[in-house]
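Taking it in order: structure first as structure tokens, then the write-up.
The values are calculated or read from the model by the stated rules, or taken from the named source; none is laboratory data. Given the structure is predicted, the values throughout are model-derived calculations rather than measurements. Cβ sites come from the backbone with ideal geometry, for glycine too, and all protein chains shown count toward neighbours.
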Amino acid sequence: MITYSTDEYNKDNESQDIHCLFCGTKITPNEEDGIVGDCAHIMFTCTSETWDNPENSKEEFFTDFNIEEDLSDYMDHLEKTLDDSYLLVISASHHLDAVYLFKQK
Ligand SMILES: [Zn+2]
């Protein structure tokens, strides 16, 4: 898995949307209705507080994962189990990080 980090806001304090790098679909939730974008490549969408209740999950990424027994966190688990056809984009903000997992098809 490849990880890329960006900031939710650019240096002019404008919100930076996340788009799928393969097809260009906007994945960041709409401001009006909060609906998260969808395309063939986005596999998993959550925030740093919703790993166990993601906005979108198209594969079972955490079936062998027990946060109680396994001291590594969710991101470590993905790093150990996914190959480089997966790209994890982290959109960091001061209170909550958003996590977007894409897969090249
Ligand atoms: Zn796409």
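Remarks
- Considering S72, S85, the condition of being out of contact with any Phe, Trp or Tyr (no Cβ under 6 Å at 6 or more places or on another chain) and within 16 Å of the ligand (Cβ to nearest atom) is satisfied by S85 alone.
- The condition of being in a loop (DSSP other than H, G, I, E, B) and either closer than 21 Å to Q104 by Cβ or within 16 Å of the ligand (Cβ to nearest atom) (or both) holds for E60.
- Just one residue in the set D64, D76, D84 is touching a residue at least 60 places away in the same chain (Cβ under 8 Å) and either over 14 Å from the mean Cα position of the chain (by Cα) or loosely packed, with under 14 Cβ neighbours inside 10 Å (or both); that residue is D84.
- Qualifying residue in the stretch 10-26 (condition: in contact with a Gly (Cβ under 7 Å, 6 or more places away or on another chain), at pLDDT 90 or above, within 16 Å of the ligand (Cβ to nearest atom) and of a type outside the set (D, E, K, R)): yes
- The stretch 37-62, residues that are closer than 15 Å to H19 by Cβ and not small (G, A, S): D38, C39, H41, I42, T45
- Evaluating C46 against the criteria (1) within 16 Å of the ligand (Cβ to nearest atom); (2) part of a strand (DSSP E or B) leaves one unmet condition, (1).
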